Amino acid sequence: EAGVAQSPRYKIIEKRQSVAFWCNPISGHATLYWYQQILGQGPKLLIQFQNNGVVDDSQLPKDRFSAERLKGVDSTLKIQPAKLEDSAVYLCASSRAGASGEQFFGPGTRLTVL
Amino acid sequence: AQSVTQPDIHITVSEGASLELRCNYSYGATPYLFWYVQSPGQGLQLLLKYFSGDTLVQGIKGFEAEFKRSQSSFNLRKPSVHWSDAAEYFCAVGTIQGAQKLVFGQGTRLTINP
């Protein structure tokens, strides 16, 4: 079965610009996650979707970050405007519904904000 | 709120030597515990997980971990490491209410000496 797909793999932008990341989860996985992984740290959950509804976005900086999963399949994470501290790897993961579902991670998008 | 501490930022071992990576967690209820591995430029891969039952769990690639409730620990072990084990290792604690949510430790970088 195909894994979690993410694009682009790398992105370099200047501060105050906008950027968008795309994620296509494993087929049939109802739950989709976006994580931010700053260099030297573990991943931090930004937002969690169940189908096309938001389950948890408590750690999403909503003044600049937004995410959507309109049809309950693929998802887009946007940053507008970007700050230097947004430089990180953005990981997407998906799982089957339920607390015991294993999360499968994509390769991530490495964002550099100059 | 749950948290995870990985006391060792970087560990170096010789190929063929045994390995133990430490993980301490804080969670008010019975935790779900996980170990993930991340190779450079890759997403995270699940090594093993503990939900309940036998406190010694076996994972992929010859890894095992032991859950010790009295010490709030979930240390990862391998009897003999291979050069291909060089990577970043993350311990995580998950909630058991509703959809799974993971909180990760900061990671331990493993270097293997030939």
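Over region B:3-113, the hull volume per residue, using the convex hull of the C-alpha atoms, is 97 Å³. Scanning chain A for trypsin sites (Lys or Arg not before Pro) that sit in a DSSP loop and have at most 14 other Cβ atoms within 10 Å, the longest stretch containing none of them is A:17-61. Placing unit charges on the Cβ atoms of the charged side chains and taking the dipole of region A:40-99 about its Cα centre, the candidate lying farthest along the positive direction among A:60, A:47, A:95 is A:95.
The Kirkwood hydrodynamic radius of the protein assembly as shown, based on inverse pair distances between different Cα atoms, is 18.1 Å. Contact order, relative form, for chain A: 37 percent (alpha carbon pairs under 8 Å, 6 or more residues apart, mean separation divided by residue count). Loop-resident GluC sites (Glu not before Pro) (DSSP state other than H, G, I, E or B) in region A:37-109 with no more than 16 further Cβ atoms inside 10 Å of their Cβ: A:102.
GNM on chain A, alpha-carbon springs under 10 angstrom: the most fluctuating residue among A:40, A:101, A:72 is A:40.
Between the residues A:37, A:10, A:81, the greatest Cα displacement towards the positive end of the dipole of region A:5-96, with unit charges on the Cβ of Lys, Arg, Asp and Glu, is found for A:10.
I'd like the FRET efficiency for residue A:59 and residue B:58, computed as 1/(1 + (r/R0)^6) with the beta carbon distance as r and R0 of 25 Å, rounded to 0.05. Taking R0 as 25 Å, the efficiency between residue A:59 and residue B:58 is 0.15. Expressed as a rounded percentage, what relative contact order does region B:3-113 have, with Cα pairs under 8 Å and six or more residues apart? The value is 37 percent. Neighbours of residue B:30 by Cβ distance under 14 Å: Lys/Arg scored +1, Asp/Glu scored -1, total +3. Annotation: amide H of residue B:107 within the under-5 Å range of B:6, B:91, sequence separation 5 or more or interchain, hydrogens built in the peptide plane. For region A:23-104, the spread of Cα coordinates along the three principal axes comes to 36, 27, 20 Å, biggest extent given first.
Think of each Lys and Arg Cβ as +1 and each Asp and Glu Cβ as -1; about the Cα centre, that makes the dipole of region A:5-96 roughly 140 debye. Think of region B:3-113 as a dipole: +1 on every Lys or Arg Cβ, -1 on every Asp or Glu Cβ, centred on the Cα centre; then among B:81, B:63, B:107, B:107 lies furthest on the positive end. Each Lys and Arg contributes +1 and each Asp and Glu -1, all at the Cβ; summed about the Cα centre of chain B, the dipole is approximately 240 debye. Using a 1.4 Å probe over protein heavy atoms, the accessible area lost on pairing A with B, summed over both chains, comes to approximately 1600 Å². Considering only the other residues whose Cβ falls under 15 Å of the Cβ of residue B:68, what net charge follows from Lys and Arg at +1 and Asp and Glu at -1? Residues close to residue B:68 contribute a combined charge of -1.
The values are calculated or read from the model by the stated rules, or taken from the named source; none is laboratory data. Note that the structure is predicted; figures quoted are calculated from it, not measured. Reconstructed Cβ throughout: ideal geometry from the backbone, glycine too, with neighbour counts over all protein chains shown. Ligands, DNA and RNA are stripped out before the accessible areas are found, and what is left, the full protein with its side chains, is counted by its heavy atoms. Shrake-Rupley method; radii C 1.70, N 1.55, O 1.52, S 1.80 Å.
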